[in-house]
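What follows is a set of notes on a single structure, which appears directly below.
The values are calculated or read from the model by the stated rules, or taken from the named source; none is laboratory data. All of these numbers come straight from a predicted model, not from anything done at the bench. Note: ideal-geometry Cβ built from the backbone for every residue, glycine included; neighbour counts use all protein chains shown.
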Amino acid sequence: MMLGLAVAVVPMQVGARALAFARSAMFGFYLWLFGVILVGTSYLNNGGPGGGNAEMVDLFLIGLGLVIAGLLLISTSVATTVLASRRAGMTLIETPIFSWSALVASVSMLLTLPVVAGAIIYVAVDHAYERATFGATEGVNAWIGWAFTTPQIFIVAIPTLGVLAQIVATMTRGKQPLRAGLLVGVGLMSTAVIGAVTQSSHTVSFSGSASDVLKSLIPYLFFNHLPILGVFVVLGLSLLALKNERAKLNAAFVPAFLGVGMVLTGMIGGAIFKITNLKLANTVFEEAVLVYVCYGAVLSGIGAVAYFGPRIWGREIPSAPVLGLGLLGFLATVLASLPYFIAGFADQPASIANNFDYSGPIWLWNSLVGAGHALMALVVLLFFAVATKSFRSGTISSATSADLFESVNG
């Protein structure tokens with residue numbers, strides 16, 4: 001979703017005549033779409049990691065490969081547009097903050113997704129023939145599962161910072177103090193790439209001597225807390241900009257701000273998950289981290305469409321539905337995630353649907369999580385309906401292209 005917005009918005013922000021490698025980006029979209037269909041089909045027919053149908057597991061790997069190929073093509077197009085297609089006189093430092101975040105996210109994907117693609121090739125060949133070296137069906141998740149968990153998923157959420165900062169810049173009439181700090185904050189979040197490409201989980205244990213704790217604490221802080229620091233920097237500078245007495249609230253700010261908050265909550269949860277003394281491994285705690293980050297990105301996407309949409313289609317989305325659905329999406333995210341944070345500490349195992357027991361109210365946590373997922377699906381559908389109606393027959397927008405930029409000098 002964020003890459004799709006970048007494809008539409010980045011050329012306008014940097015003053016490019018068109019998206020770089022536009023046909024390649026379109027081809028990437030169709031690869032991604034076809035891959036998603038194959039992955040969904042495989043899951044519906046007992047495929048996917050650990051699936052019981054070998055042919056559907058093969059289909060899953062093929063579909064996932066197509067998804068990654070599509071994302072790589074789109075990322076290349078977005079990154080090239082920012083780097084090489086800016087209008088005359090615009091330096092990279094002067095690039096609008098959303099375009100900067102899109103560049104950072106695209107480059108991060110270009111660094112990490114080829115690693116995933118390589119692992120998929122090895123696993124697919126092994127699964128189709130010997131099924132010994134990489135653990136057959138059960139080994140699929142062991143070798144490529146890192147691509148769907150922390151810290152790799154943080155990369156997907158990088159543009160959420162750009163969306164929030166861009167909306168705040170409009171609310172403050174383009175004035176953004178310490179704008180360079182925003183660029184640094186977005187860049188800090190991309191340090192998650194280092195842990196992702198090495199496929200290493202940097203944990204910390206507070207047992208043993210002080211020297212032993214220090215040996216694990218330093219890499220733990222570097223790989224797990226630097227991305228969190230980046231989010232705090234962007235949030236802090238955005239709130240500082242809102243101290244401007246002329247700041248005017250934009251409805252899109254609510255879902256964008258709440259989305260970044262949910263992403264931050266997931267990232268903090270990811271750091272807590274890496275503390276081995278808490279014994280959270282193989283529990284549903286990690287699932288909650290994933291949901292917080294992904295649903296936070298969805299919330300931010302709602303804010304992004306509400307903000308950028310009128311500048312693309314020329315018609316406004318009413319403020320009331322954006323505010324209401326933003327708050328409802330926030331509630332859905334909390335319901336779908338927080339209970340599993342609690343259940344994780346109560347040792348509810350991951351990847352097991354039944355025949356387990358633990359020290360907590362199983363029915364309560366699972367029911368709340370299910371309700372949260374259902375509510376988020378409803379929020380997405382309602383927003384799609386509202387946006388579609390508004391962009392077809394809504395009020396003509398008064399937004400100008402100047403709203404897509406912020407003051408470089410603050």
The correct count of residues that are closer than 28 Å to SER106 by Cα and surrounded by 22 or more Cβ atoms within 10 Å (Cβ to Cβ) in the range 50-62 is 2
From ALA402, ALA374, grab the single residue that is at pLDDT below 80, surrounded by fewer than 17 Cβ atoms within 10 Å (Cβ to Cβ) and of a type in the set (A, V, I, L, M).
ALA402
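Of these, SER99, SER24, SER77, SER42, which one is of a type in the set (S, T, N, Q), outside the structural domain of GLY230 (by TED's automatic domain parsing) and within 22 Å of LEU164 (Cα to Cα)? Give the derivation first.
Numbers: SER24 fails: within 22 Å of LEU164 (Cα to Cα); SER77 fails: within 22 Å of LEU164 (Cα to Cα); SER42 fails: within 22 Å of LEU164 (Cα to Cα).
Selected residue: SER99, the only one of SER99, SER24, SER77, SER42 that is of a type in the set (S, T, N, Q), outside the structural domain of GLY230 (by TED's automatic domain parsing) and within 22 Å of LEU164 (Cα to Cα).
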Pairs needed: first member in the range 189-210, more than 18 Å from VAL115 (Cα to Cα) and in the same structural domain as GLY118 (by TED's automatic domain parsing); second member anywhere, at pLDDT 75 or above and assigned to a loop (DSSP other than H, G, I, E, B); C-beta distance under 7 Å; at least 6 residues apart or different chains.
none
Given the criteria touching a Phe, Trp or Tyr at 6+ places or on another chain (Cβ under 9 Å) and at pLDDT below 85, does ASP347 qualify?
yes
Can you name every residue in the range 305-316 that is on the phi < 0 side of the Ramachandran plot and either within 13 Å of the chain's Cα centre (by Cα) or not in a helix (DSSP H, G or I) (or both)?
ARG315, GLU316
Sole miss for VAL197 among (1) at pLDDT below 80; (2) over 18 Å from the mean Cα position of the chain (by Cα); (3) surrounded by 13 or more Cβ atoms within 10 Å (Cβ to Cβ) is condition (2)
When restricted to ALA336, ALA297, the only residue crowded, with 22+ Cβ neighbours inside 10 Å, at pLDDT 90 or above, in a helix (DSSP H, G or I) and in contact with a Phe, Trp or Tyr (Cβ under 8 Å, 6 or more places away or on another chain) is ALA336
If you go through the range 155-188, how many residues are crowded, with 24+ Cβ neighbours inside 10 Å and either in a loop (DSSP other than H, G, I, E, B) or in the same structural domain as LEU103 (by TED's automatic domain parsing) (or both)?
2
State whether one or more residues within the range 244-251 are charged (D, E, K, R) and without any contact (Cβ under 8 Å) to a residue 12 or more places away in the chain.
yes
Looking at this structure, is VAL140 at pLDDT 70 or above, surrounded by 16 or more Cβ atoms within 10 Å (Cβ to Cβ) and in the same structural domain as GLY296 (by TED's automatic domain parsing)?
no
So which residues in the range 272-286 are part of a helix (DSSP H, G or I) and in contact (Cβ under 8 Å) with a residue 60 or more places away in the chain?
PHE273, THR276, ASN277, LEU278, PHE285, GLU286
Given the conditions (1) within 21 Å of ILE312 (Cβ to Cβ); (2) not in a helix (DSSP H, G or I), and given that PRO49 satisfies all but one, which numbered condition is not satisfied?
(1)
